[in-house]
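Enquirer: A single structure is presented below for examination.
The values are calculated or read from the model by the stated rules, or taken from the named source; none is laboratory data. What you see is a predicted model, and the numbers here were worked out from it, not measured in a lab. Cβ placement follows ideal geometry from the backbone for every residue including glycine, while neighbour counts extend to all protein chains displayed. Heavy atoms of the whole protein, side chains included, go into the accessibility calculation; ligands, DNA and RNA do not. Shrake-Rupley method; radii C 1.70, N 1.55, O 1.52, S 1.80 Å.
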Amino acid sequence: MADHGSDADIRKKDDKNEFVKHFIDIDNYEDYKNTGRIESDFEKACQKYGRTRVIKEGTLPWATDSTYRELVENFKAGNWSRAVLTAADLGHYIGDGFMPLHITGNYNGQMSNQTGIHRRFEETMIDRYIDQIQLNSGDCKKIENVHQFIFSYMYANNKYVNQLLQSDSVAYNYAGKAYNDVYYEAMWKNSSVFTGKLLEESSRTMAALIYTAWIEAGKPKIPERPGI
Ligand SMILES: [Zn+2]
């Protein structure tokens, strides 16, 4: 699964429909600004907001949901080699859903004069401090309503956008208005607690959804070595 964790990103090159599956600019919706939610049924959302707009703002929650459904079908069919690839895609979309900048219109800080934050945060900073990230394991629980659950964690993770932007601007000012070593050190200090929490929750969610899919498929017998 780890080997195929980036397959979904690689598909963007050949499949023009793939791109929008990796994000949702959820805070561009008036409904979200007013109530903290949006219409979560895809067809109803298209009726309410317009299909072109729904696709343009990004379809991450629905892509996650449909990939989960696909995994249930793979398990039911006993197609273990396919299930490995589907589970890897599911993990990818879940990972995107736990990256606050994948669930906001201000995905690269372009709306707040912080252009480039996407890469600074998820790539440069993480690469520098990856050795300090420790994930605690937890219980793997069955999820009761998968569709609702996916939307809930996206609503919750959007709340980190402000904290993240704040961490970036504080670090930038502290570093003398530069993105240098001092910046990254301060950025890590300001954001490591919630970054670690997001990574941990993301991996727990991945485990929980794979487990739930397997239960929903009727707990098929797992082969010794599901090869690809
Ligand atoms: Zn992605």
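Enquirer: Identify the single condition in (1) buried (at least 17 other Cβ atoms within 10 Å of the Cβ); (2) under 18 Å from the mean Cα position of the chain (by Cα); (3) polar (S, T, N, Q) that Q163 does not satisfy, given that it satisfies every other one.
Expert: Every condition holds for Q163 apart from (1).
Enquirer: Right, here's the next one. Do we find that T59 is of a type in the set (S, T, Y), away from the ligand (no atom under 16 Å from the Cβ) and without any contact (Cβ under 8 Å) to a residue 60 or more places away in the chain in this structure?
Expert: No, not satisfied.
Enquirer: Can you tell me which residue in the stretch 53-89 is nearest to I150 (Cα to Cα), limited to those that are open to solvent by less than 30 Å² (accessible area, probe 1.4 Å) and among the β-branched types (V, I, T)?
Expert: Restricting to residues being open to solvent by less than 30 Å² (accessible area, probe 1.4 Å) and among the β-branched types (V, I, T), the top hit is T64.
Enquirer: Okay, moving on. Only one of these is at pLDDT 95 or above, among the β-branched types (V, I, T) and surrounded by fewer than 14 Cβ atoms within 10 Å (Cβ to Cβ): I210, I228, I215. Name it.
Expert: From the options I210, I228, I215, the qualifying one is I215.
Enquirer: While we're looking at this one, here's another question. Counting only residues that are surrounded by fewer than 20 Cβ atoms within 10 Å (Cβ to Cβ) and either away from the ligand (no atom under 16 Å from the Cβ) or assigned to a helix (DSSP H, G or I) (or both), which one in the stretch 91-117 is farthest from the chain's Cα centre (by Cα)?
Expert: N113
Enquirer: Could you check the stretch 1-51 and list, in sequence order, the residues that are among the charged types (D, E, K, R), open to solvent by 50 Å² or more (accessible area, probe 1.4 Å) and part of a helix (DSSP H, G or I)?
Expert: The answer is D3, D9, R11, K21, E30, K33, E43, K44, K48, R51.
Enquirer: For the list (1) touching an Asp or Glu at 6+ places or on another chain (Cβ under 8 Å); (2) not in a helix (DSSP H, G or I), I need the number of the one condition that K142 fails.
Expert: The single condition K142 does not satisfy is (1).
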